[in-house]
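Input: a single structure, listed below in C-alpha cells.
The values are calculated or read from the model by the stated rules, or taken from the named source; none is laboratory data. Model, not experiment: these values are computed from the prediction. Note: ideal-geometry Cβ built from the backbone for every residue, glycine included; neighbour counts use all protein chains shown. Side chains included, ligands, DNA and RNA excluded: accessible areas come from the protein's heavy atoms. Shrake-Rupley method; radii C 1.70, N 1.55, O 1.52, S 1.80 Å.
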Amino acid sequence: MNTAAAQHQSVKPLTGWRVLVPRGGPWGDGVAATLRRQGATPVIAPLINFAPTNDQATLEQALADLAAGKFDWLTVTSATTVDVLYAYRAVVPPTTKVAAVGETTAAALLAVGYRVDLVPERDNSAAGMAEQLIGLEPQARDILTLRSEIAKPVLTRMLTDAGHRVRSVVAYRTVGVPVTDRIAEDVRSGRINAILVTSGSVAEQVHEQFPHIPATTLIAAIGPRTAKDARRAGLDVDVIADAQTVDALIDAVAKFSLPHAADEFAPRTGVLPRLGMDSRG
C-alpha cells in the first residue's frame, strides 16, 4: 500500500495533457519547460506576433527626447516593449526612472542592460503601476509611456488624471499568426486538452482560428482582466489563474482531471457567456 501511495504521489499533475501554448520565442519556450516539468506535452502554436509601429517617426522622436533627458519616468508594460528599446538602442539617462509592469518585464529590461526603479508590489497591471507611480510622485512629472497599438489607455488616463504630463507612444503592433492545419485539427478533434489564454489579443485569435472548440477542452485565462477580455471575444472561460503569472496559470489547469467532465460546464456556443461563469477558477 505504501508503494502504491508513493507511486500515486510521483505522478505529475498534468501527465497525459496536451496544452496549447499561444506564444513562441523565449516566453513560449519557458512555458513549455514548466509544462513538461508538470508532465504535460506542450504544443507551441504562436497565435500572435509583433510588428513595427506604423508611425516610426513619432517613436524615434520620443526615444530621442528620452535620451535627451526630457522625461522623469519611462513606463514599460511588456517584454516586447523591451525588445523595441533594445532594437533602437534606446538610451535611458540616469535622470529618468524606469517602471516595469511586472517581474517578467523587469527581468527583460535587466537582461539587456537597462535598470528598473519600480515594479508594482501587488497588482502587476497598468492600473497597478499607475497607482504606485501616483503614490510616489505627488508633483506633476513628465512621463513617457510606450505601448502596443491595441493597448487600452488605462495607464495614460490614470496618470493624466493625477496631473502628470504624459506622452503616450505606440512602440509596436500586435498581429495574428495563422496556425497550421494540423494544430487546427488537433483543437477541433479535442486532441488539445487545454488552451492557455494570456491576453485579450490571444483570446481574439483563439476565437477566430478555432471556431469549434470541444466542451472537454479547458480554456484557461491568466487573470481576471484576461478572462474578461476573453469572454468579450466570445470564449467560454473555464478557469482563471489567481495571479497573473505562468506558474499560477499552469497550477490552475493542474487542478482539473483529464479530461474534465463535459457536463461540468455549459457547451461551447460561440456566444458571450453570461450566467454562472464568474465563479469559475
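Just to check your reading of the model, which residue among 180, 145, 156 is within 17 Å of residue 21 (Cα to Cα) and of a type in the set (Ser, Thr, Tyr)?
Values: 145 fails: within 17 Å of residue 21 (Cα to Cα); 156 fails: within 17 Å of residue 21 (Cα to Cα).
Just a single option satisfies the conditions, and that option is 180.
Has segment 67-76 got any residue that is open to solvent by less than 60 Å² (accessible area, probe 1.4 Å), part of a loop (DSSP other than H, G, I, E, B) and of a type in the set (D, E, K, R)? Full working, then the answer.
Residues of segment 67-76 open to solvent by less than 60 Å² (accessible area, probe 1.4 Å): 67, 69, 71-76.
Subsequent filtering for residues that are part of a loop (DSSP other than H, G, I, E, B) retains 69, 71-72.
With the extra rule that they be of a type in the set (D, E, K, R), the set shrinks to 72.
Among the residues of segment 67-76, at least one is open to solvent by less than 60 Å² (accessible area, probe 1.4 Å), part of a loop (DSSP other than H, G, I, E, B) and of a type in the set (D, E, K, R), which makes the answer yes.
Looking at 98, 116 in this structure, which one is surrounded by 14 or more Cβ atoms within 10 Å (Cβ to Cβ), assigned to a loop (DSSP other than H, G, I, E, B) and touching a helix residue (DSSP H, G or I) at 6+ places or on another chain (Cβ under 7 Å)?
Details: 98 fails: assigned to a loop (DSSP other than H, G, I, E, B).
It is 116.
Using the structure shown, decide if residue 48 is in contact with a strand residue (DSSP E or B) (Cβ under 7 Å, 6 or more places away or on another chain), closer than 30 Å to residue 192 by Cα and at pLDDT 95 or above.
Working: in contact with a strand residue (DSSP E or B) (Cβ under 7 Å, 6 or more places away or on another chain): yes; closer than 30 Å to residue 192 by Cα: yes; at pLDDT 95 or above: no.
No, not satisfied.
Which residues, counting only those in segment 24-58, are within 21 Å of residue 155 (Cβ to Cβ) and out of contact with any helix residue (DSSP H, G or I) (no Cβ under 8 Å at 6 or more places or on another chain)?
Initial filter on segment 24-58 (within 21 Å of residue 155 (Cβ to Cβ)): 48, 50, 53-55, 58.
Scanning segment 24-58 gives 54, 55, 58.
Suppose we filter segment 11-37 for residues that are touching a strand residue (DSSP E or B) at 6+ places or on another chain (Cβ under 9 Å) and assigned to a loop (DSSP other than H, G, I, E, B); how many remain?
6
Is at least one residue of segment 54-64 over 22 Å from residue 137 (Cα atoms), in a helix (DSSP H, G or I), among the hydroxyl-bearing types (Ser, Thr, Tyr) and modelled with pLDDT under 90?
No, segment 54-64 has no match at all.
Residue by residue, here is whether (1) modelled with pLDDT of 95 or more; (2) under 28 Å from residue 152 (Cβ atoms); (3) open to solvent by 30 Å² or more (accessible area, probe 1.4 Å) holds:
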| site | (1), (2), (3) |
| --- | --- |
| 180 | yes, no, yes |
| 186 | yes, no, no |
| 191 | yes, no, yes |
| 218 | yes, yes, no |
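I'm trying to understand the selection: among the residues of segment 218-248, which are part of a loop (DSSP other than H, G, I, E, B) and within 22 Å of residue 104 (Cα to Cα)? If you could, list the steps in order and put the result at the bottom.
Let us first name the residues in segment 218-248 that are part of a loop (DSSP other than H, G, I, E, B), namely 222-223, 234-238, 241-245.
Within segment 218-248, 222, 223, 241, 242, 243, 244, 245 meet the criteria.
I'd like the full set of residues that are within 19 Å of residue 65 (Cβ to Cβ) and in contact (Cβ under 8 Å) with a residue 40 or more places away in the chain, limited to segment 138-158.
Start the filter on segment 138-158 by keeping residues that are within 19 Å of residue 65 (Cβ to Cβ), which leaves 140-147, 155-156.
Listed by number, the residues that qualify are 141, 142, 143, 144, 145, 146, 147, 155.
Which condition does residue 273 not pass, out of (1) more than 25 Å from residue 177 (Cβ to Cβ); (2) at pLDDT 85 or above; (3) surrounded by 14 or more Cβ atoms within 10 Å (Cβ to Cβ), if it passes all the others?
Against the list (1) more than 25 Å from residue 177 (Cβ to Cβ); (2) at pLDDT 85 or above; (3) surrounded by 14 or more Cβ atoms within 10 Å (Cβ to Cβ), residue 273 comes up short only on (2).
So, of the residues in segment 143-166 that are under 16 Å from the mean Cα position of the chain (by Cα) and over 13 Å from residue 75 (Cα atoms), which turns out to be surrounded by the most Cβ atoms within 10 Å (Cβ to Cβ)?
151
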